[in-house]
Every structure is written in structure tokens, then in C-alpha cells.
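Working notes for the structure below.
The values are calculated or read from the model by the stated rules, or taken from the named source; none is laboratory data. Remember, predicted model here, so these are calculated numbers, not experimental data. Here the Cβ positions follow ideal geometry from the backbone for every residue, glycine too, while neighbour counts run over all protein chains shown.
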């Protein structure tokens with residue numbers, strides 16, 4: 001007779017599952033394992049012969065149990081960047097995570113995302129400064145965060161201060177796995193746009209290796225060496241060929257562009273319950289995109305926006321302030337400007353299904369699906385602008401636009417006062 005799965009993780013709709021893995025860790029019968037779906041995203045697979053339908057897995061499922069995790073405190077906002085130039089240059093934005101990681105490496109333990117020897121994004125416990133550096137920078141692929149949850153718990157029970165960095169769903173999954181709030185756990189949320197599949201990333205890596213004739217050792221999606229801080233067209237691929245380390249900088253890289261415009265994300269990302277003002281982490285950090293005009297003289301190497309979500313976040317913000325080259329408070333409207341994921345999930349593109357269907361076996365030719373898509377073609381000029389117009393010119397244009405808006409605002413206010 002077929003079992004009733006109403007009290008099992010099998011009852012969760014596929015498009016709502018985040019692949020956090022907490023259910024597989026908490027199952028008392030060890031009957032849940034994380035496997036890849038056809039798009040390469042991790043999903044739970046239940047061994048029905050072992051499942052007792054006890055419901056333990058649903059108690060740690062984000063679809064049903066995450067609402068109680070959101071902070072009810074009033075948020076405060078700031079922007080900042082690290083005063084350590086090496087830290088700033090190797091980070092994607094302002095190096096704020098690096099500031100906190102360095103502090104906790106001396107005063108506790110740090111967990112974050114890095115590439116392993118197979119170029120897979122995984123969460124690990126940092127043992128030294130070099131592993132902290134490997135956590136710098138954006139990895140635009142879903143990482144396996146749940147594999148380190150038992151180690152996090154062991155460190156917390158041992159009384160160690162723990163800094164855990166991840167996306168909101170990963171932090172929520174960790175908290176549900178732990179089943180209680182630990183005073184010595186500090187969570188730093190990376191403001192998340194969404195996550196592509198590990199399978200797509202592997203296909204991209206394989207495509208690059210065939211194209212370049214070498215072994216990929218790193219993919220830096222937001223490299224600052226040539227163009228400084230920004231988003232598109234700054235991908236730098238490090239590869240080894242004939243025992244020589246080389247660099248390749250693709251023009252209009254389709255993998256990044258498909259991520260940037262939300263085409264290659266996990267289905268649950270389009271329904272993300274964590275993309276709202278209330279947050280589950282102590283502190284949230286991201287790129288301060290709203291700063292392009294106002295801070296054009298101070299942010300050329302990157303600047304971060306910070307949402308301070310509770311008392312622990314206040315403690316973390318003090319560490320940032322003490323080690324920053326620049327720190328300034330913001331109001332909410334300034335902080336969330338041009339960072340839509342503070343308020344809502346990314347829109348699901350029209351071509352999302354066909355994109356993954358065409359990328360299932362090979363990455364080759366995928367750029368056509370991106371740049372000639374109905375969603376993307378309207379933005380091609382913006383992409384070309386970002387790729388080929390020098391930063392100094394773009395900064396100048398942003399400054400002019402900012403000054404025009406400022407004058408119009410003052411003129412409007414003056415008219416209202418009259």
C-alpha cells in the first residue's frame with residue numbers, strides 16, 4: 001500500500017524547496033539524502049522503506065518553519081569599505097566580510113563559502129588566513145552549506161564564538177537545524193540575488209577548459225584588477241596550461257549575464273520568502289549600488305551596504321567601523337536603492353525553462369540563448385556600455401545625472417515653499 005507523505009518532506013512542492021539540506025541532517029532514520037534534479041539542483045530524496053512519516057524533516061523545512069526566525073528589531077543601515085587595501089581589492093564589494101572574518105579568526109571560528117579542489121562551492125571552517133582569503137569574492141553557484149552544520153554546532157557547544165556567512169536561506173536552515181538560538185553564533189547574510197545550479201557551473205567550467213586547453217583553478221566573477229568595482233564584464237578565469245598560470249577575461253560572459261538577469265536561478269529563488277525588509281541574520285551585507293553618484297570619490301574600489309538587524313548586528317557593525325576606511329550611516333531608502341532583493345525576489349524570466357533545457361548537456365552556444373532572448377535583448381546596450389565604456393566616463397555620467405536630479409529636487413522644494 002502506498003504511504004501517506006503528508007507529514008514528510010515529500011509533501012513539499014519542488015519549486016519551493018531551497019535545497020538547504022537540513023531535512024537530511026535531522027531525519028532520525030537517515031532516510032533522506034540530497035540528490036541532483038534534472039537541472040542539477042540539490043533536492044531531498046526519501047527512502048520510503050525507512051521513512052516512518054514522523055514529520056521531523058518538516059520541522060526544519062524552510063517552507064513551513066522559517067517564519068519565526070525573522071528579526072523584529074528596527075534595522076539600521078550604513079555603508080563602508082575595508083581600510084586594508086589587499087582585503088578590499090580581493091573582495092567583490094567593500095570587503096566587510098573580510099573585516100569580520102579576520103576578527104573572528106582570532107577570537108573564534110569562521111564558516112564561509114570557497115571553491116574546493118574540484119572547483120565546487122562548499123561551506124567550510126576556516127583554519128587560517130589563506131582560507132579566509134579564499135572565501136572572498138562572489139561565487140555565483142549554489143554551495144553545499146549544510147555539510148558544515150554539525151561542525152558549527154560542535155563549536156558552539158564548545159563555547160567558541162562562531163561567525164557563519166551565507167545566504168538567508170542557508171542561515172535560516174542552520175538555525176532550524178540547531179533548534180535554539182546560541183549567544184555565541186553570529187550570522188552574516190550575503191544579500192542574495194538567487195543561485196544557479198552546480199551542474200550548470202560544471203558545464204561552464206568544462207566549456208572553458210575545452211576552449212582554453214587548460215585546467216580551471218579559479219573563476220573570479222567580480223575581479224577588480226582591470227576595471228575596478230562593478231558587476232558585469234569583470235569575470236577573470238585563472239587556468240593552468242603547461243604548468244603556467246594564465247588569465248582569461250571573457251567579453252559579455254553568458255554565465256554571469258544569465259545570472260545577473262535571473263535566467264539561471266533555482267525555482268525557489270523566484271518565490272524567496274527571505275527577500276524582504278525583515279531579515280533572519282544578525283547583519284546583512286551587499287554591494288551598495290545606490291552609491292554610484294553620491295560616493296563617486298570614495299568607492300572606486302568597492303563599497304558595501306550594511307543592514308544591522310539586531311543587537312548582535314550592532315556588535316558586528318562596531319567591528320566593521322573600527323577597521324574600515326570609510327563608514328557612514330544611511331536611511332532605509334538610501335540603503336535599499338538599486339538593491340531590490342531587500343524588498344522582493346527577482347522576477348522569473350520568460351525564457352527560464354528553455355534556458356535550462358538547452359544547457360542540460362552542453363554549455364556551448366548558450367550565449368545566444370542569453371543575448372538574443374526576449375528578456376535580455378532590451379538590455380544589450382546597457383551590457384555593451386558596461387563592458388566597453390571606461391569607468392571614468394561612467395562615473396562622470398553618473399555624477400552629472402545625480403547633480404541634475406539634485407537640482408530638480410531643490411527646485412521642486414523651492415516651488416512648494418513659495
Residue count, the range 340-373, condition modelled with pLDDT under 90 and part of a loop (DSSP other than H, G, I, E, B), comes to 11
Checking residue 119 against (1) farther than 26 Å from residue 186 by Cβ; (2) part of a helix (DSSP H, G or I); (3) assigned by TED's automatic domain parsing to the domain that holds residue 285: exactly one of these is not met. Which one? (2)
Of the residues that sit in the range 84-104 and are without any contact (Cβ under 8 Å) to a residue 60 or more places away in the chain and in contact with a helix residue (DSSP H, G or I) (Cβ under 6 Å, 6 or more places away or on another chain), which one is farthest from residue 301 (Cα to Cα)? 98
Name the single residue that is surrounded by the fewest Cβ atoms within 10 Å (Cβ to Cβ) among those in the range 20-40 being touching a strand residue (DSSP E or B) at 6+ places or on another chain (Cβ under 7 Å) and farther than 15 Å from residue 59 by Cα. 35
The range 225-278 - residue that is assigned to a loop (DSSP other than H, G, I, E, B) and touching a strand residue (DSSP E or B) at 6+ places or on another chain (Cβ under 6 Å) and, of those, surrounded by the most Cβ atoms within 10 Å (Cβ to Cβ): 264
Inspect all residues belonging to the range 60-75 and state whether any of them is in the same structural domain as residue 145 (by TED's automatic domain parsing) and touching a strand residue (DSSP E or B) at 6+ places or on another chain (Cβ under 8 Å). yes
Would a scan of the range 186-201 turn up a residue that is more than 25 Å from residue 110 (Cβ to Cβ) and free of Cβ contacts under 8 Å to residues at least 60 places away in the same chain? no
If you check residue 51 against the conditions, is it over 23 Å from residue 141 (Cβ atoms), over 19 Å from the mean Cα position of the chain (by Cα), surrounded by 19 or more Cβ atoms within 10 Å (Cβ to Cβ) and touching a residue at least 40 places away in the same chain (Cβ under 8 Å)? yes
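Test of understanding: among 160, 139, which residue is in a loop (DSSP other than H, G, I, E, B), more than 23 Å from residue 219 (Cα to Cα), in contact (Cβ under 8 Å) with a residue 40 or more places away in the chain and not assigned by TED's automatic domain parsing to the domain that holds residue 240?
Details: 139 fails: more than 23 Å from residue 219 (Cα to Cα).
The conditions single out 160.
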For residue 83, work out the one condition from (1) crowded, with 17+ Cβ neighbours inside 10 Å; (2) farther than 29 Å from residue 197 by Cβ; (3) touching a strand residue (DSSP E or B) at 6+ places or on another chain (Cβ under 8 Å) it doesn't fulfil. (1)
